[in-house]
Amino acid sequence: MAAPGRVGVIADDTLQGHLLAGAIKGQGYQVVVNTDPEHLEARWLAADALDLWVVDLSREDRWQRFLDGLLENAAAPLLFCDGQAPARTADHYPRWERRLMTKLVGYIGAPALEENLAAVPQAPLAAPIPEPREFRTLAGGTLAQRVWVLGASLGGPAAVKQFLDCLPEHLPVAFVLAQHIDGGFLDTLCQVLRRDSPFSCQVAGDGDRLGHGRVLVAPVTQSLAFDTDGVTRLTGEPWEGPYAPCIDQVMSNLAKGFGHCDGAILFSGMGNDGAIAAPRLAAQGAAIWAQSADSCAVSSQPDSVRETGCVGYSGTPEQLARQLVDRVRREVADTAVVSGEPRIS
């Protein structure tokens, strides 16, 4: 039997069918057929042809006879949409798409997307960025001053690894990584990410602390909260929505519990996770960046965040690393001037 994820779309409006099909494909499912009621072929109703029908008819009274036949003859379950899909540029599009994804998962499970960690390059793809002189004057501390969220899905491990491998050892930033992945591979993911990186990397547990030079990876089985002193707390509750871990929730929990989130970077992936929280954090002053589409294995996730209009910088993993180092260097230099310390020249 074929893997779950084969979806058929029936819509009596061409634009609506196109929007639905695009949203479903962007979540990692396979749209096998996209048709209007008049051109539906009987062969698609047979058993084993599809896993789910998504039906959106603007005038159900006109199609009552068709619906009666569909209900009687379709072997796959039917998901009836409850409203017109908004334009992708609409403010409420990410939430509409998230509701659709949640329904799809409820009917046929999450799409079959396998992350091949063995395919992540064994050697660094770029040389580390030279450490700025401004970092030499920094005193060590137990509490992270700058915290960034890294969000990734399909193709993310390779991109995140390349990003981390480029960073200098004493970059004064703590990272929280939310990577969509099977929970059984989290420890392997940490091993891969710290292999050539100056950063330590571990799955976040109850009582761990955000720290410069450290990557805490969000667990899959339960959501993660943060205290004002940077200590992580396992909530015992599942992540909200269809994704685990939920990038949106990690971003929101960090800003709410710790008190601030300096920035977030969305890497390669399927879906639109991050597109709900990112505009809200950007309005609070956080930097929102995204991996460039042409450098992604799959770009729908960073693209969905870009479409909200809140992304201030896009680039390859190496370019994102350089941009971050330069940003932090300028922040450190400006802080030294304000505090009366001599600027390093």
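For beta carbons closer than 8 Å, sequence separation of 6+ or different chains, a first residue in region 212-233 that is over 13 Å from PHE175 (Cβ atoms) and a second that is of a type in the set (Asp, Glu) and buried (at least 17 other Cβ atoms within 10 Å of the Cβ), the qualifying pairs are VAL231/ASP208.
Apart from one condition, ASN73 fits all of (1) surrounded by 13 or more Cβ atoms within 10 Å (Cβ to Cβ); (2) in contact with a helix residue (DSSP H, G or I) (Cβ under 7 Å, 6 or more places away or on another chain); (3) under 15 Å from ILE10 (Cβ atoms); the exception is (1).
If you go through region 197-210, how many residues are touching a residue at least 60 places away in the same chain (Cβ under 8 Å), closer than 21 Å to LEU234 by Cβ and either surrounded by fewer than 18 Cβ atoms within 10 Å (Cβ to Cβ) or not assigned by TED's automatic domain parsing to the domain that holds ARG233 (or both)?
Step one: filter region 197-210 for residues touching a residue at least 60 places away in the same chain (Cβ under 8 Å), giving 198, 209-210.
Going one step further and asking which of them are closer than 21 Å to LEU234 by Cβ, we end up with 209-210.
From what is left, the residues that are either surrounded by fewer than 18 Cβ atoms within 10 Å (Cβ to Cβ) or not assigned by TED's automatic domain parsing to the domain that holds ARG233 (or both) are 209.
Number of matching residues: 1.
Would you be able to say whether some residue in region 119-138 is of a type outside the set (A, V, I, L, M), outside any helix (DSSP H, G or I) and under 23 Å from VAL7 (Cβ atoms)? No, because not a single residue in region 119-138 is of a type outside the set (A, V, I, L, M), outside any helix (DSSP H, G or I) and under 23 Å from VAL7 (Cβ atoms).
From the residues in region 273-290 that are in contact (Cβ under 8 Å) with a residue 40 or more places away in the chain and in contact with a Gly (Cβ under 7 Å, 6 or more places away or on another chain), which one is nearest to GLY211 (Cα to Cα)? Only one residue fits best here, namely ALA287. Tally time: how many residues in region 167-196 are in a helix (DSSP H, G or I) and surrounded by fewer than 23 Cβ atoms within 10 Å (Cβ to Cβ)? Residues in region 167-196 being in a helix (DSSP H, G or I) and surrounded by fewer than 23 Cβ atoms within 10 Å (Cβ to Cβ): 10 in total. Among the conditions (1) of a type in the set (Ser, Thr, Tyr); (2) touching a residue at least 60 places away in the same chain (Cβ under 8 Å); (3) closer than 22 Å to ILE181 by Cβ, THR308 misses just one, which is (3). Taking the criterion of being among the basic types (Lys, Arg) and in a helix (DSSP H, G or I), the only residue of region 53-76 that qualifies is ARG65.
For region 12-49, residues that are modelled with pLDDT of 95 or more and surrounded by 21 or more Cβ atoms within 10 Å (Cβ to Cβ) total 0.
Taking the conditions (1) modelled with pLDDT of 85 or more; (2) out of contact with any helix residue (DSSP H, G or I) (no Cβ under 6 Å at 6 or more places or on another chain); (3) not polar (S, T, N, Q) in turn, GLY83 satisfies each one other than (1). So in region 146-157, with the set limited to residues that are modelled with pLDDT of 95 or more and closer than 10 Å to GLN301 by Cα, which one is surrounded by the most Cβ atoms within 10 Å (Cβ to Cβ)? Among those residues, the one meeting the criterion is GLY151. The set of residues in region 92-113 that are part of a loop (DSSP other than H, G, I, E, B) and at pLDDT 85 or above comprises HIS92, GLY109.
Return a yes/no flag: does region 121-135 have any residue that is of a type in the set (Phe, Trp, Tyr) and buried (at least 23 other Cβ atoms within 10 Å of the Cβ). No, that holds for no residue. You will find that of ALA297, ALA264, ALA333, the residue that is modelled with pLDDT of 95 or more and assigned by TED's automatic domain parsing to the domain that holds VAL215 is ALA264 and no other.
Only one of these is at negative phi and at pLDDT 95 or above: LEU234, LEU138, LEU143, LEU171. Name it. Lay out the reasoning, then the answer.
On the way: LEU138 fails: at pLDDT 95 or above; LEU143 fails: at pLDDT 95 or above; LEU171 fails: at pLDDT 95 or above.
So the residue among LEU234, LEU138, LEU143, LEU171 that is at negative phi and at pLDDT 95 or above is LEU234.
The requirement of being crowded, with 17+ Cβ neighbours inside 10 Å, at negative phi and of a type outside the set (Phe, Trp, Tyr) is fulfilled nowhere in region 58-66; no residue meets it. What about VAL192, is it in the same structural domain as GLN249 (by TED's automatic domain parsing), touching a Pro at 6+ places or on another chain (Cβ under 8 Å) and of a type in the set (A, V, I, L, M, F, W, C)? The answer is yes for VAL192.
The values are calculated or read from the model by the stated rules, or taken from the named source; none is laboratory data. Since we're looking at a predicted model, the values are computed, not measured. Cβ coordinates were reconstructed from backbone atoms using ideal geometry, including for glycine residues, and neighbour counts include every protein chain displayed.
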